[in-house]
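One structure below.
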Amino acid sequence: MNIHAVMKNLFTFVTTHRWFTLFLIASFALNLYLTLHRDNTSEEFITCSSFDRGPLGTFGLFKSLEDAGVSVRRIELPVFRVLDNKTEKRKTLVILSPLYKPQPWEWTILMDWVAQGNRLVTAGLYGISQNGWFATAGSGITSSYVNGGPTTVLLPVDSLAGFPDTLPAVPQLNKFISGGTVYRTEGRMPIMHFTRFSPDALPFLAQGNKVTAIKKLIGRGEWVLFTDVNPFSNFTLRDSTWFTFATRFFCGDGRYSGNPILFDEFHNGYKATKSLWQLLTYFQFDTGLIYLGILVLLYLFITGIRITSPGEPRTELHRDPIPGLRALSGLFMRYGAWRGMLQKEAAHIRSELSRHHRRDADIDWLVDRYASRRKLPPGIDTKENLVRLFERIEQRADTLHKDESIALFNIFMFMRKEMKS
């Protein structure tokens with residue numbers, strides 16, 4: 001099917017389904033407007049996003065680094081549009097308990113990017129597989145209850161002397177992202193910790209004898225894994241020692257300091273919406289089909305869909321032809337079918353007049369034959385007018401109007417009656 005036929009069919013659909021088309025356009029425009037004008041700084045969601053100012057959010061760290069002149073920015077695009085896994089080096093990417101798991105193909109790009117000499121920081125269980133980041137890193141984790149105690153920093157966070165090697169205990173704040181439940185306990189509390197890790201990884205943080213963070217070598221880069229949902233949350237960084245640890249962790253390592261720090265917001269649901277093309281690029285067809293189905297059902301409901309009959313069904317059988325004839329004539333008049341009917345009547349009269357004579361006789365000869373034996377129809381005073389009437393119907397029927405067509409039908413009915421007498 002060529003583009004001309006497609007556009008013609010589309011135009012036909014739009015003109016014959018005006019309300020449905022208007023409904024879809026209005027729904028899409030409203031959805032587009034709300035998406036383009038959404039407020040990314042909303043505080044009503046509990047996430048680990050750098051937009052979130054709630055207890056688990058990372059807005060405080062992001063803002064502090066930005067105010068200190070550190071090159072920080074948020075990623076609101078898929079990784080393959082942002083990261084160059086062949087040339088980039090010395091950058092840091094932060095993914096903290098994303099709401100949407102990175103896909104395996106994204107993870108391949110990330111690992112290639114880290115191997116070039118970049119740093120990846122992840123937190124929480126929410127990775128690309130059922131067991132989170134840790135199974136991917138060749139590590140095992142479990143949950144245990146421990147008495148609240150300080151966290152020990154086992155590896156230096158920068159080259160300066162006096163880095164904080166002991167982080168004070170803070171009330172544990174956990175979150176189940178799937179259920180949206182937030183709870184806080186003091187004293188004895190559950191923590192996630194490593195039970196094993198691969199030989200190319202070193203323990204980084206520990207609480208008691210439980211390792212809660214490791215550093216893993218990936219090519220020329222490194223991957224830092226935290227078991228906590230978000231060790232850099234606004235809640236945690238209210239403690240000055242934890243704040244110092246976080247800022248020196250991100251800015252103190254000479255291999256990565258002075259280079260951009262990227263916070264992944266794409267997998268937190270904050271996706272760039274700068275243009276319609278980007279909206280279409282991120283469109284998920286399964287979600288879109290569900291959305292379209294809901295719109296169709298909503299349209300049918302608004303326009304008066306009937307699940308059951310609006311009245312009692314008529315059981316008796318009626319054979320009155322008048323309503324059917326009226327409906328048929330109404331259809332003919334509404335859609336201009338009377339022009340074709342007039343041409344059909346003209347052809348029928350021509351056939352009757354030329355019976356047993358020349359089939360190719362012109363209209364003048366046929367009108368002469370009719371006028372020599374029968375009287376002219378009412379309103380037709382000369383045979384020349386009758387000739388012009390036939391020529392107009394056969395050649396220019398599309399110029400006829402409704403009232404004029406009714407008068408011509410009456411003329412043909414008169415001629416048919418006369419020919420039968």
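The values are calculated or read from the model by the stated rules, or taken from the named source; none is laboratory data. Small disclaimer: the values here were computed from a predicted structure and weren't measured. Methodologically, a virtual Cβ is constructed for each residue, glycine included, from the backbone with ideal geometry; neighbour enumeration extends over all protein chains shown.
List pairs: first in segment 355-368 and part of a loop (DSSP other than H, G, I, E, B) and surrounded by 14 or more Cβ atoms within 10 Å (Cβ to Cβ), second at pLDDT 70 or above and not aliphatic (A, V, I, L, M), Cβ under 6 Å, 6+ apart or cross-chain?
Once the first residue is part of a loop (DSSP other than H, G, I, E, B) and surrounded by 14 or more Cβ atoms within 10 Å (Cβ to Cβ) and sits in segment 355-368, its partners that are at pLDDT 70 or above and not aliphatic (A, V, I, L, M) give Ala361/Ser354.
Looking at this structure, is Gly117 part of a loop (DSSP other than H, G, I, E, B) and either outside the structural domain of Gly258 (by TED's automatic domain parsing) or closer than 29 Å to Phe235 by Cα (or both)?
Answer is no for this residue.
Can you pull out every residue in segment 155-172 that is at pLDDT 75 or above and in a loop (DSSP other than H, G, I, E, B)?
Looking only at segment 155-172, we keep the residues that are at pLDDT 75 or above, and these are 155-158, 165-169.
Matches in segment 155-172: Leu155, Pro156, Val157, Asp158, Asp165, Pro168, Ala169.
Given the criterion in contact (Cβ under 8 Å) with a residue 12 or more places away in the chain, in a loop (DSSP other than H, G, I, E, B) and surrounded by fewer than 22 Cβ atoms within 10 Å (Cβ to Cβ), identify the matching residue among Leu99, Leu56.
Working: Leu56 fails: surrounded by fewer than 22 Cβ atoms within 10 Å (Cβ to Cβ).
Exactly one of Leu99, Leu56 is in contact (Cβ under 8 Å) with a residue 12 or more places away in the chain, in a loop (DSSP other than H, G, I, E, B) and surrounded by fewer than 22 Cβ atoms within 10 Å (Cβ to Cβ), namely Leu99.
Hey, could you check segment 369-409 for residues that are of a type in the set (S, T, N, Q) and surrounded by fewer than 13 Cβ atoms within 10 Å (Cβ to Cβ) and say which is farthest from the chain's Cα centre (by Cα)?
Going residue by residue through segment 369-409, those that are of a type in the set (S, T, N, Q) are 372, 382, 385, 395, 399, 405.
Filter once more, so that each one left must be surrounded by fewer than 13 Cβ atoms within 10 Å (Cβ to Cβ): 372, 382, 395, 399.
On the way: Ser372: 75, Thr382: 70, Gln395: 52, Thr399: 48 Å.
Residue satisfying both the conditions and the ranking: Ser372.
Could you say which residue among Asp200, Asp253, Asp239 is modelled with pLDDT of 85 or more and closer than 21 Å to Val72 by Cβ?
That would be Asp253, the only listed residue that is modelled with pLDDT of 85 or more and closer than 21 Å to Val72 by Cβ.
Please count how many residues of segment 206-233 are surrounded by 19 or more Cβ atoms within 10 Å (Cβ to Cβ), of a type outside the set (Phe, Trp, Tyr) and over 20 Å from Thr166 (Cβ atoms).
7
Table: residues versus (1) at pLDDT 90 or above; (2) over 29 Å from the mean Cα position of the chain (by Cα).
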| residue | (1), (2) |
| --- | --- |
| Phe80 | no, no |
| Glu88 | no, yes |
| Leu93 | yes, no |
| Tyr100 | no, no |
| Leu120 | yes, yes |
| Ala135 | no, yes |
| Val153 | yes, yes |
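Please go through segment 61-75 and give me each residue that is surrounded by fewer than 20 Cβ atoms within 10 Å (Cβ to Cβ) and of a type outside the set (A, V, I, L, M), ordered by number.
Of everything in segment 61-75, those that are surrounded by fewer than 20 Cβ atoms within 10 Å (Cβ to Cβ) and of a type outside the set (A, V, I, L, M) turn out to be Lys63, Ser64, Glu66, Asp67, Gly69, Ser71, Arg73, Arg74.
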